[in-house]
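Remarks on the structure that follows.
The values are calculated or read from the model by the stated rules, or taken from the named source; none is laboratory data. Small disclaimer: the values here were computed from a predicted structure and weren't measured. Positions of Cβ are backbone-derived with ideal geometry, glycine not excepted, and every protein chain shown enters the neighbour counts.
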Amino acid sequence: MRWPHRRSDAGQAFPIYITVVAGLLFLAFAYLAVGQAAANRNGAQTAADAAALAAAQDTRDQLAGMWVKELLDPTKWQDIFHGNVQGIADSCGRAQELAAQNDAGKVQCDPVGPLSYTVALQTNKSVGDSIVPGTEDKHSTASATAVIERLCEFELPGEDAGDDVLPQLDCEDKDWDLDPDDPATLPEPKDLFDVHLADGPANDE
């Protein structure tokens with residue numbers, strides 16, 4: 001009779017089965033931990049990007065407002081387009097606001113010259129419990145730099161031009177013939193400056 005032999009085979013296979021199942025469960029939990037960490041890092045980078053852009057956009061809007069204020073004095077335009085003017089408020093407060101909206105904290109915001117901001121922050125939420133030791137207290141960090149780029153060029157009128165003659169503003173998408181008495185002829189901040197992220201944002205857990 002072969003019954004005892006079959007029972008012996010079944011008994012030997014059972015521990016192997018348990019080992020395989022345990023291994024698969026371990027891999028599943030490991031993949032879950034990796035996914036949690038990746039999601040946390042992505043959230044940190046999104047928050048850093050948004051915060052840096054918000055700071056740069058706020059400065060862009062201030063520069064555009066100053067350009068409108070000095071519209072009748074084209075000799076001041078070049079300094080405004082290069083950000084070399086007094087009276088521009090620090091825009092890092094906007095970075096703090098956007099970071100908070102994206103559930104991030106420990107924000108460090110630094111102007112990099114007059115037309116750039118770098119923001120570094122940390123997620124408020126940790127990676128969470130997993131089979132990887134220490135992840136329950138692990139927070140992701142990220143940094144991003146946003147740049148304000150002028151889009152317009154102009155030439156000052158000659159000495160024989162009248163005092164009320166304004167230069168044509170040659171911008172990337174349009175040439176503007178400016179009329180101080182007609183606000184519709186004036187470009188918006190987005191027409192004067194482009195705001196974008198610089199290459200090479202960094203993040204780590």
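Structural remarks
- Residue count, segment 183-205 (criterion: more than 19 Å from Leu63 (Cα to Cα) and modelled with pLDDT of 90 or more): 1
- Test: residue in segment 50-64 that is within 25 Å of the chain's Cα centre (by Cα), acidic (Asp, Glu), closer than 21 Å to Asp199 by Cα and assigned to a helix (DSSP H, G or I): yes
- Residues of segment 67-74 include none that is of a type in the set (Val, Ile, Thr), touching a residue at least 24 places away in the same chain (Cβ under 8 Å) and surrounded by 20 or more Cβ atoms within 10 Å (Cβ to Cβ).
- Criterion violated by Glu155 - all others in (1) over 18 Å from Gln62 (Cβ atoms); (2) surrounded by 12 or more Cβ atoms within 10 Å (Cβ to Cβ); (3) modelled with pLDDT of 90 or more satisfied: (2)
- Matching option when the condition is of a type outside the set (Asp, Glu), within 15 Å of the chain's Cα centre (by Cα) and surrounded by 20 or more Cβ atoms within 10 Å (Cβ to Cβ), among Ala100, Ala104: Ala104
- Each residue in segment 71-83 was checked for being over 24 Å from the mean Cα position of the chain (by Cα) and in a loop (DSSP other than H, G, I, E, B), and 3 of them qualify.
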